[in-house]
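Read the figures in this text as sums done on the coordinates, not as results from a lab. Everything quoted here is computed from the prediction, not taken from an experiment. Neighbour counts are summed over all protein chains in view; Cβ atoms, including those assigned to glycine, are modelled from backbone coordinates with ideal geometry.
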Amino acid sequence: REALAAGRAALPEYGSRFSRRDYTQAQLFALLVLRQFLRTDYRGVVALVAEWAEVRRALGLSKVPHYSTLAHASRRILADAEAGGPFAGLRPWWSGAPASTT
């Protein structure tokens, strides 16, 4: 829920104006955070979410995305961060490293 809220605050709702609008970027971001937390791959997180109704309900997912959707979203979100996008300079709270102030 926290990742979903952070995604809503920092990301545009959809990656493109031509998007199919099946999933918001915040929903995909939350799934990517869950993937990192569970230390699994894209297929693994999709399989877990397919069986985990509570997570689908918390994220507002009516269907589970294909693993390739998560892979594409990951590249897009990371590319934005590397180019100085919404998450540039942020460090994970568990790393103990201070955020960049550039």
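Computed over neighbours whose Cβ is under 15 Å from that of Leu59, the net charge equals +1, Lys and Arg +1, Asp and Glu -1. Here the gap between Arg1 and Asp41, fully extended at 0.36 nm per residue and compared with their Cα-Cα distance, gives a gain of 12.4 nm.
In a fully extended conformation the segment linking Ala50 and Arg17 would gain 9.1 nm over its present Cα-Cα distance, using 0.36 nm per residue. Close amide-amide hydrogen proximity is noted between Trp52 and no other residue 5 or more places distant or on a separate chain, at a cut-off under 5 Å (H modeled in the peptide plane; Pro and chain starts excluded).
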